[in-house]
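Have a look at the structure below, then the notes.
The values are calculated or read from the model by the stated rules, or taken from the named source; none is laboratory data. From a predicted model like this one, the values you see are computed outputs, not experimental measurements. Here Cβ is always computed from backbone atoms with ideal geometry, including for glycine, and neighbour counts include all displayed protein chains.
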Amino acid sequence: MEVRLGKTDFIEDPAAIERELTGSWISAVRRHGKFVVLDLKSGNGANESRTLLIHLGMTGQIRTCPPEEPIAPHTHVFVSLDDGREMRYTDIRRFGKIRLLEDGGPEDTLGKLGLDPTEVNEKEFVARLATRRARVKALLLDQRVLRGMGNIYTDESLWRARIHPRRLGANISKVELHRLYLAIRSVLAEAIRLRGSSISDYVDAEGNRGEFQLRHRVYQREGKECSRCRSVIRREIVAGRSSYFCPRCQPQPRKRLT
């Protein structure tokens, strides 16, 4: 690989990125929570391995394309690949992060993150929510509980499970938690199959928009009819985030009498 950098204020130690990535090759690409992880092997014959950790932030994109393709505005990282293509990182707002890990993997650097929602079993899932006196929306977005859940898929999962985002984890029944577990698995599997949700900036590595936004039932549908009961979708701030829900399908938690 060969590396060229533009603006570098979101990159930790840009000189190390240019120095260590040049001549290396990518042995694996994987995901750890919301981070893209590139496992690297040294190209000088030495048995050395490193890890490139990338967080896309709000507007980051990673694309592979022919080097002659016109360069999109706000493209800051260019990596020439052995097959002739170029991997480019574009980020309008530069809220993303790129970091080279010399020793250890993302687990050592990012600290203790929760289980992956695509891998967690139901028993572990219930154990992480059933005793917590926090809003279920906050719990699902907490990367220490489940790593990788975001606002879109949390709202869509809660709608499918008929659970209001303000409900406390400890007040959700086992039957409801079972529904929520299945809803999360279903939403994520469908979103992966449809290559994600292209709301504003998101595209896949080939530059194609996702299609799951066509299946959204509540997210950014404030004022529109619920596709299940025809009530009007509402929006509230829960856990510091805009939260979309159906007031009939997802009834408000009952207030305690004082």
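For this structure, a couple of remarks:
- Positions within segment 33-52 being part of a strand (DSSP E or B) and either more than 14 Å from the chain's Cα centre (by Cα) or at pLDDT below 90 (or both), in sequence order: Leu38, Asp39, Leu40, Lys41, Ser49, Arg50, Thr51, Leu52
- Leu158 in a strand (DSSP E or B) and among the hydrophobic types (A, V, I, L, M, F, W, C): no
- Arg195 vs. criteria charged (D, E, K, R) and surrounded by fewer than 17 Cβ atoms within 10 Å (Cβ to Cβ): no
- All positions within segment 11-20 that are closer than 29 Å to Tyr202 by Cβ and at pLDDT 90 or above: Ile11, Glu12, Asp13, Pro14, Ala16, Ile17, Glu18
- Residue in segment 155-170 that is out of contact with any Asp or Glu (no Cβ under 8 Å at 6 or more places or on another chain), closer than 30 Å to Val29 by Cβ and among the small types (Gly, Ala, Ser) present: yes
- Residues that are under 15 Å from Glu12 (Cα atoms), at pLDDT below 95, of a type in the set (A, V, I, L, M, F, W, C) and more than 19 Å from the chain's Cα centre (by Cα), drawn from segment 67-114: Leu100, Leu101
- Leu177 being in the same structural domain as His216 (by TED's automatic domain parsing), within 17 Å of Arg217 (Cβ to Cβ) and either in a loop (DSSP other than H, G, I, E, B) or of a type outside the set (S, T, N, Q) (or both): no
- Thr8 meets all of the listed conditions (1) of a type in the set (Ser, Thr, Tyr); (2) over 19 Å from the mean Cα position of the chain (by Cα); (3) modelled with pLDDT under 95; (4) surrounded by fewer than 17 Cβ atoms within 10 Å (Cβ to Cβ) but one, namely (3).
- Residues (more than 15 Å from Leu5 (Cα to Cα) and assigned to a loop (DSSP other than H, G, I, E, B)) located in segment 62-80: Pro66, Glu68, Glu69, Pro70
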